[in-house]
Amino acid sequence: MNNNDSLVNDRLLKVKDVQEILQLSRSAVYAAIREGLLPKPIKIGKSARWKASVIAGMLEKLGM
């Protein structure tokens, strides 16, 4: 992995980004968090963010 890949993978994603990647509604994203299927977001103030590398790793694990 080169330096640019690690920068992309460490990017913080908004809930809309996660929705788009996973093709889920906002409520389905938060339901998946409650059920332990998705990791809890990083809170920055009132905003929720997920590391792109965590979401990519989860997708890889699921074979997507």
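The values are calculated or read from the model by the stated rules, or taken from the named source; none is laboratory data. The shown structure was predicted, so the numbers you read here are calculated from the model rather than taken from an experiment. Cβ coordinates were reconstructed from backbone atoms using ideal geometry, including for glycine residues, and neighbour counts include every protein chain displayed.
Going by what's in this entry, would residue 58 be described as modelled with pLDDT under 90 and surrounded by 12 or more Cβ atoms within 10 Å (Cβ to Cβ)?
Judged against the criteria, residue 58 is a match.
Looking only at region 18-48, residues that are outside any strand (DSSP E or B), among the β-branched types (Val, Ile, Thr) and exposed (fewer than 14 other Cβ atoms within 10 Å of the Cβ) come to 0 in all.
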